[in-house]
Amino acid sequence: MIAPAPGIAPAPGTTAAPVGDAPQSIVIVGPTASGKSLLALELAELLGDSEIVSVDSMQVYREMDIGTAKATEADQRRIPHHLVDLVDPDADFSVAWFQTEAFAVLDKLAATGRRAILVGGTGLYHRAVIDRLQIPGQFPEVRAALDAEESTAVLYRRLSALDPLAASRTEPTNRRRIVRALEVTIGADRPFSSFGPGLDEYPETDHLIIGLDVARDRLGSLVGDRVEQMMADGFLDEVTALAARPAGVSRTAAQALGYRELLAHLDGETSLDDAVADTVRRTRQFAVRQDRWFRRDPRTLWFDSETRSLPQRIADTLERR
């Protein structure tokens, strides 16, 4: 999950409208463990004209299946899935790269008259695709120099001097956002904030955006159950195999929920029980942040995740639009 950041804006003159006579696309959002993937499968089967597009920053990695709750091979045979298993775990991956890949898939589906059901928990990736956001470029050499500075306070003071508006929108302790804002400001030779007003604007969209509502206490229980099932399914073996890869894993992949904790266990830094407990705790915190992110979007139609015949309810909503 990536927090809202300044410097990202809808691309001028673009919309997220479907191409040609393609059926209206559907977007399914909500916190982790809320049942998004199962709903997407059932809805795709009910509609009969749909394929699933994963919108998840970690499911793009090969060999990371259990911990990312990736669709099984059986599920992918039921309904075609896109934007999974795109790169090896040691590769770097960015929202801009994902956006390009997603546009190519959506164009292909539209050209063949197929409906896209976009499903996943990475909020910024959803916005990048739905609203065709303009995303500032990357400047690796600049970023490397910034990463070498150990003091986040020093970096924040530098951002305050170079781009006061971006600094005012950023917590002084949020190193990731500070470094990103400085990277763009220095690399592009223009303030990070000049790229747009941020993610606070929600333009009209032709996508039907569905949100899954889960009570907070039930969500915590669902997360615990999911982590327990992942461990039973061989999550530790999966992480062990990743740790043994000659090429290793990228910094982004190594920070994924559960992977970071189990890698720490394999390095002897914590017990397995503590690693699992930390995974549950961190995932619950993440789920709350996801829920807050998605609820800011006024375009989302919310349904109780336990609603009976939910796929049919959504299909009926689609028919009325």
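Values quoted throughout were computed directly from the atomic coordinates according to the rules given, and no laboratory measurement underlies them. Quick caveat, the model's predicted, so the values are computed rather than measured. Because the Cβ atoms are built from the backbone with ideal geometry, glycine has one as well, and the counts that use them run over all protein chains shown.
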Segments 304-315, 92-103 sorted - mean Cβ within 10 Å per residue, highest first: 92-103, 304-315
Prolate/oblate/rounded call for the range 227-299, Cα gyration tensor, a/c under 1.5 rounded: prolate
Span-like helix ranges in the chain, DSSP H, alpha carbon extent 20 angstrom or more, Kyte mean at least -0.5: 95-111, 216-232
Those GluC sites (Glu not before Pro) in the range 178-263 that DSSP places in a loop and that have at most 16 other beta carbons within 10 Å: GLU201, GLU204
Label selected from (1) 17.5, 58; (2) 30.0, 94; (3) 20.0, 56, the criterion being Rg and Dmax of the Cα atoms in Å as computed here: (3)
Euclidean distance between Cα centres, the range 228-250 to the range 107-131, Å: 29
Size of electric dipole in the chain: Cβ of Lys, Arg +1 and of Asp, Glu -1, about Cα centre, debye, nearest 20: 940
